[in-house]
């Protein structure tokens, strides 16, 4: 794994300079930036946001997080911050520097003028305590605690203990503690991290078709660097990781290329590979599809996924986005002087629309519509089309909706006043019935009403009627009720 860090640390010709390429990726549910923003919000340093919004109520993409960070910088201008708060904001600025440079260069310039006073050795403790009473799911008190140690101006470490991580539609999946632990470092054009972290690649809200955070945090070595390929191709942000999955024991690799096609249009290309064979180090430097054909004799020993995504963002923040997945690209036999045969289609597609300004005059009024389609043999084994293989600890690494899926997801968040907000969600998921046994179907409608007593104290009430038809069984219908009280620090 050390080869990955060494490879990216080398000075590639034309790659020097600061990071400038913003990313439109959704931020993984367990990312450290939510803990950091939650702490700042609990202290009243993020105007218009309560701490609970960074602990599972809302997921942000990198551009949205940068916009919030810009408001923090402006709001705290001239205010007296303690050394821990200053260091925390500085680490967020280093993380989201390209996005902040794109959206709010004036705020970035203001903060850079204060950067000399940001280094502190003090350990910062952040977290949230939730008391939950719910029907049809366990009632419990969950606590999440994170400790951030600011090693230096260019690096920090973090460890988080979390009893349960709230997932899509509040499905609680227990995680082995610690929930995440890592060390991250920043240079002018190089970001690296070593440890257990959550990761999500792509713009989709309910889960990337190629790499989603529903598998929880996993141990990885990751590095990111921007490379300039000249006037013809332009500048790309390249991110790569190497890992070994706990559940299957497979080696796991991922690589993502991002490139702005214009000021509004963002392009991403992602490839992942899992293999049960000890890999050749060249896998870190060549396309996985090429590596497979050069070094792997049996398709059963190597599982390769590729995906492309496009995001168009208007100046108002409204977005249209898509992601297209292809698994196990296989050449037809006629290209190998054999007989023609049809290759089973194994693709996935997500199309989405989002606007942060649904109702004029509202402090916050968002609407999202997302459609996902996944073929029935995606994420399955090459040896057995009915056996899932793209897994870690029994969770699909790609879309949490799984294969054989047609799904429509709608979400709206309305800020009625400075303290009262409503979140409405709807999921209609159907799977094809021409398989044995037939797939699952579910329809869930959720309404959550939240009231923020203070920036760090909130109470929420949720009602969610649902109908679920398990595979090969009769439908079940009921309504879930939940009351949640949260305290952030």
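Only the coordinates and a few stated rules stand behind these numbers; no lab work does. Being a predicted model, the structure only gives us computed values, none of them experimental. Backbone-built Cβ (ideal geometry, glycine too); neighbour counts: all protein chains shown.
Here are some notes:
- Residue order for 26, 101, fewest other beta carbons within 10 angstrom first, comes to 101, 26.
- Förster radius 45 Å - calculated FRET efficiency between residue 246 and residue 420 (Cβ-Cβ, nearest 0.05): 0.60
- For the pair residue 265 and residue 82 in one chain, pulling the backbone fully straight at 0.36 nm per residue adds 62.0 nm over the alpha carbon distance.
- Förster-model FRET efficiency, 41 Å R0, residue 316 and residue 276, C-beta, rounded to 0.05: 0.30
- Note: relative contact order over the chain, using C-alpha pairs below 8 Å and six or more positions apart, is 13 percent.
- Going by neighbour counts of Cβ atoms within 10 Å, the residues 266, 357, 293, 259 line up, fewest first, as 293, 357, 259, 266.
- Exposure proxy ranking, count of Cβ atoms within 10 Å, fewest first, for 43, 292: 43, 292
- Only helical runs count toward this figure. For the chain, summing -39,500 (n - 2.57) over DSSP H runs of n ≥ 4 and dividing by all residues gives -4000 deg cm²/dmol at 222 nm.
- For the range 211-225 versus the range 59-116, the spacing of their alpha-carbon centroids is 24 Å.
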